[in-house]
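Take a look at the structure set out below.
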Amino acid sequence: MSQLPYWLAEALAAERSPPRPALQGRQRADVCIVGGGFTGLWTAIMCKQARPDWQVVVLEKARCGSGASGRNGGCMLTWSTKYPSLRRWFGDSEASRLVQASEQAVADIASFCQQHAIDADIRLGGAVYAASNPAQIGRLAPVLSMLQEHGLNSWTALSPAQTRALSGSALLQDGYHSAPAGSLQPGKLVRGLLRVASEMGVQVHEHSAMTHLQEDGQVILHTAQGQVEASQAVLALNADMPGQFPAFANSILLVSSDMIITDARPGEISTLGLERGQAVCDLRTFVHYWRSTPDGRLMLGKGGNHIAFGNRMQACFDQPSRHAAALQLTMGRLFPSLATAPVVQSWTGASDRSATGFPFFGRLPGHQRVLYGLGYSGNGVVQSHLGGRILSSLLLGERNAWTDSGLVRGPLAHFPPEPLRWCGAMLVRNAIRRVEQAEDRQHKPRWLDTRLAACAGMAGKTDHARPDATHG
């Protein structure tokens, strides 16, 4: 049984407005964007800011925010701890620029919401990364040393008492805090972006899934009941992309992220020290991540539980989490005072994990007027704002740092074809699980499991990648 994710359901209840009308008949546009999530709406808004005269149309298959944009953890995190991989794929200069741009984007999103009266529950309480078992101690040190060497380090080491106070858990140690980060209500943000885009004149059609597209001088995008003829188009489909365009079959790996949220307990959240909205992650590969809500709930999530064979958007990605009981046990271990707190909802989402760990953008193969962007790899709340800058710059025909970025070279690495991809991913995932279970018990992992787990780094995961969208 499918369900609306908690954040989107809350946002729609507050909005109390009917769906935007489905596309009917023929429509003409300068730009047609397929996908009404963060990437699609930021792109639409930025295009209208630069070219108010443009007719911009957005097609969304369900409600705007029903995909990853409305079901992620709401953690506003940057690319700073992915700096080693940024250097590996894009070089020193671009890596530094992207770290700084991702940190600036946190402030830019908050400023945009303030300017346009979007109440997205933004709280810039920073980010806390810390070890949840002794084996994780010191894992951040090499990355932070590299950031420090290049004048990019926004992280401050925490004392044991500060780590406990800012993480909310006595189990955590060896913590670090970065100020340019925080949390937000993603459903309220995506619905707020929808409102602003509409006020700017963007035509948004919900329940208007694209059935196919063709390009012959113009781009023609078809839905069940209509079509849009556009000068240019953008595919902002993220996890849905491989299912519709086989050219991307080996470009990403669909991995689940599972989340639970408690009832409102503001007194306990305040006692735990989590009331500032800081985003907290431990240092395992399949991270646990958590943060509070302004009304005193605790959201806890974990990535990597399910890997889709053939990148199929399976039913479990739109259902209550199969792993809610395990997440609740983890919550009790991290926060004993919340061990019996009622969980009001669990949910799951699909993360489009790229082989590099970074999103990629470009022109659809065989097309001149169709752009795409996907592969946020669990870091999308903040980075989709950068994706909007990239795609809008390309649409506007600009030549700038975004259009010249290595992110705009399409997928830079690929996963093996099926069934090798799924079998290999499951082999590595299960080894990582066994390693982390052994480390939690403070036992030495088996040698073979350690070697297999290290293969996660061979696909670009060479640093401490953190979640904020549906994380894999």
Student exercise, the chain dipole from Lys, Arg, Asp, Glu Cβ charges, in Debye to nearest 20: 800
At 7 Å along the Cα-to-beta-carbon direction for both Ala224 and Met200, put a label point, then send me their distance in nm to one decimal. 3.0
If the cut-off is a Cα-Cα distance under 19 Å, which aspartates and glutamates reach Lys48, setting aside same-chain residues fewer than 8 apart in sequence? Asp30, Glu60, Asp108, Glu199, Glu229, Glu398
Considering the dipole of segment 6-415 built from charges on the beta carbon (Lys and Arg +1, Asp and Glu -1) around the Cα centre, which of Ala127, Phe38, Leu189 is farthest to its positive end? Ala127
Pair Leu396, Gln115: separation of 7 Å Cα→Cβ label points (nm): 1.2
Cross-link reach from Lys82 to aspartates and glutamates, straight Cα distance under 16 Å and at least 8 residues apart if same chain, gives Asp92, Glu94, Glu103, Glu149, Asp282, Asp463, Asp468
Burial-style ranking of 375-383, 304-312, average other-beta-carbon count within 10 Å with highest first, yields 375-383, 304-312
Mind checking the angle between helix 38-50 and the chain's longest principal axis? C-alpha axes, 0 to 90 degrees, to the nearest 10. 50
Based on the mean of other Cβ atoms within 10 Å per residue, sort peptides 73-79, 366-372, 62-68 so the most packed one is first. 73-79, 62-68, 366-372
Antiparallel DSSP beta bridges within the chain, as percent of all bridges there, nearest 5: 70
Residue order, fewest to most beta carbons within 10 Å, for Thr81, Thr271, Thr163: Thr271, Thr163, Thr81
Theoretical gain in end-to-end length, Glu149 to Arg446 [0.36 nm per residue, Cα-Cα removed]: 103.4 nm
Cβ-placed point charges (K, R +1; D, E -1), dipole of segment 174-233 about Cα centre in debye, nearest 20: 320
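Bear in mind that the values in this text are calculations on the coordinates, not laboratory data. Note that this is a predicted model, so its numbers are computed, not measured. Counting neighbours? That spans all protein chains shown, and the Cβs are built from the backbone with ideal geometry, glycine included.
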